[in-house]
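Every number in this text was worked out from the coordinates using simple rules, so none of it is lab data. Given the structure is predicted, the values throughout are model-derived calculations rather than measurements. Positions of Cβ are generated from backbone atoms using ideal geometry, with glycine treated the same way; all protein chains shown enter the neighbour counts.
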Amino acid sequence: YPPSLPIADRETQLAQLAAQVAGCVRCDELVCYRKQTVFGEGNPQARVAFFGEAPGADEDRQGRPFVGRAGQLLTKMIEACTLRREDVYILNTLKCRPPENRNPLPHELDNCRSYFEAQFNLIQPEYIVCLGLFAAQSLLRSKLSVGRLRGRFHAYHNSKVLVTYHPSYLLRTASAKRLAWEDLQIMMADMGIRR
Ligand code: URA
């Protein structure tokens, strides 16, 4: 990471970046389809960032990340770690909702990459939790599955990166919740949090 900035400068630069994202026209189809961009939100000094895939219908309507059903589960996951939603930072690989929630396309991930890189450079979280395949593969530039990547730390600059299942997947696949909880406990143990 570049040298870290004082809190006031981080807030200013995050606001400037959010304004830039709001006017982004890099992806023709997404520009037409979105109601608005979803930049991300949270504590600019967060120790932990949760990194999702892309806004869904609720997020596109409200302009905030993870506010729908998957978001409610994510909030529970954050609280299970004895953290609070307002203490962490929440962002996505794509800032625009893909049509009918289809998967992000490679050129869209490329187009949006500089935004999440800038967010991580400003926040410099100690931990990044990648939620699902697209967050994991784009952050780590990996082709491996979540099943292969989960359960241990990876590195992104100075951040320790964990990969776990996306909350939308957990809503459909209750048996994976135990594995996601194992992943979060790896981070909690490293943070010195005991429940
Ligand atoms: N799913 C995501 O990956 N991100 C959101 O913001 C909402 C749902």
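List the strands (runs of 3 or more DSSP E) inside the range 114-185, counting only whole elements, that have at least 2 residues being within 16 Å of Ala70 (Cα to Cα).
Numbers: elements: 127-131, 154-156, 159-164.
Answer list for the range 114-185: 127-131.
Out of the residues in the range 77-104 meeting the condition of being in contact with a Pro (Cβ under 9 Å, 6 or more places away or on another chain), outside any loop (DSSP other than H, G, I, E, B) and more than 12 Å from the ligand (Cβ to nearest atom), tell me which one is nearest to Ser138 (Cα to Cα). Going through the qualifying residues, I end up with Tyr89.
When we screen Ile128, Ile123 for residues that are within 16 Å of the ligand (Cβ to nearest atom), touching a residue at least 60 places away in the same chain (Cβ under 8 Å) and of a type in the set (Val, Ile, Thr), the only hit is Ile128.
Applying the criterion of being under 20 Å from Tyr115 (Cβ atoms) and within 7 Å of the ligand (Cβ to nearest atom) to the residues of the range 54-70, the residue that is surrounded by the fewest Cβ atoms within 10 Å (Cβ to Cβ) is Gly56. Considering every residue within the range 40-53, establish whether at least one is within 25 Å of Met187 (Cα to Cα), hydrophobic (A, V, I, L, M, F, W, C) and surrounded by fewer than 17 Cβ atoms within 10 Å (Cβ to Cβ). No: zero hits. Scanning the range 164-195 for residues that are closer than 21 Å to Thr82 by Cβ and under 15 Å from the mean Cα position of the chain (by Cα), we see that the one that is farthest from the ligand (Cβ to nearest atom) is Leu184.
Do the conditions hold for Arg102, that is, is it out of contact with any Phe, Trp or Tyr (no Cβ under 6 Å at 6 or more places or on another chain), loosely packed, with under 13 Cβ neighbours inside 10 Å and closer than 24 Å to Val25 by Cα?
Values: out of contact with any Phe, Trp or Tyr (no Cβ under 6 Å at 6 or more places or on another chain): yes; loosely packed, with under 13 Cβ neighbours inside 10 Å: yes; closer than 24 Å to Val25 by Cα: yes.
Yes, satisfied.
Applying the condition of being over 16 Å from the mean Cα position of the chain (by Cα) and surrounded by fewer than 12 Cβ atoms within 10 Å (Cβ to Cβ) to the range 146-161 and asking which residue is farthest from Met188 (Cα to Cα) yields Arg148.
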